[in-house]
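Everything on this sheet refers to the single structure shown next.
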Amino acid sequence: MDTTEQLKERATQQGMRLQKSFVSTTPFSPGRRSFFKYRDLGLESATGGRMRAYQNSSIAGMTEPTGWHYHTCEMQFVYVLRGKLSIEFEDGTVATFTAGDAFFVPGGVRHNEIYASEDKEALEVSVPGKIDTVNCERPAGLPERLREVSNERP
């Protein structure tokens, strides 16, 4: 079994460091979307850019969909802490997520956020830490009405 010193040395060799994020030292700030505020949990700097984590909250309910887009990253993971979020996906589904629900999106998968409640709050993690958003057209061949999935509809 590794000793504490061996674990510390290995993490340091990989360019990572221990990170503790407290509410008092990680305030919310504006981010990618004007209707959300973001709290950077410090993982991008702690991992040498390997990943990032944000807590994001609605400033107000969404006034319009984000439009179809994808992210240039390896992956994105979202865990809903509070409220409601609805997203259309290129697989032909529209999913509604509420507190306790989560979704994983591999980089390049097209999606469109169509609804976020005023009390929406989520934890968002991406790999690597640098993530870009690329706007795109609605995927060709999708039916006009997407198949709904949620806790109520498996």
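The values are calculated or read from the model by the stated rules, or taken from the named source; none is laboratory data. Predicted model, so just to flag it, every value in this text is computed and none were measured. So basically every Cβ, Gly included, is an ideal-geometry build from the backbone, and we count neighbours across all protein chains shown. The protein model used for the area step is the full one, side chains on, heavy atoms only, and it has no ligands, DNA or RNA in it. Shrake-Rupley method; radii C 1.70, N 1.55, O 1.52, S 1.80 Å.
Just so you know, in the stretch 42-69 the residues that are among the hydrophobic types (A, V, I, L, M, F, W, C) and in contact (Cβ under 8 Å) with a residue 40 or more places away in the chain include one that is nearest to Asn112 (Cα to Cα), and it is Trp68.
Filtered by the rule that a residue be over 14 Å from the mean Cα position of the chain (by Cα) and assigned to a strand (DSSP E or B), the stretch 99-131 gives Ile114, Tyr115. In the stretch 26-83, which residue that is closer than 24 Å to Met16 by Cβ and among the charged types (D, E, K, R) is surrounded by the most Cβ atoms within 10 Å (Cβ to Cβ)? This residue is Arg52. In the stretch 132-146, which residues are modelled with pLDDT of 95 or more and in a strand (DSSP E or B)? Selection gives Val134, Asn135. Among the conditions (1) farther than 29 Å from Gly141 by Cα; (2) open to solvent by 10 Å² or more (accessible area, probe 1.4 Å); (3) at pLDDT 95 or above, Ala122 misses just one, which is (2).
Once the stretch 84-114 is narrowed to residues that are in contact with a Ser or Thr (Cβ under 9 Å, 6 or more places away or on another chain) and among the charged types (D, E, K, R), the residue that is surrounded by the fewest Cβ atoms within 10 Å (Cβ to Cβ) is Asp101.
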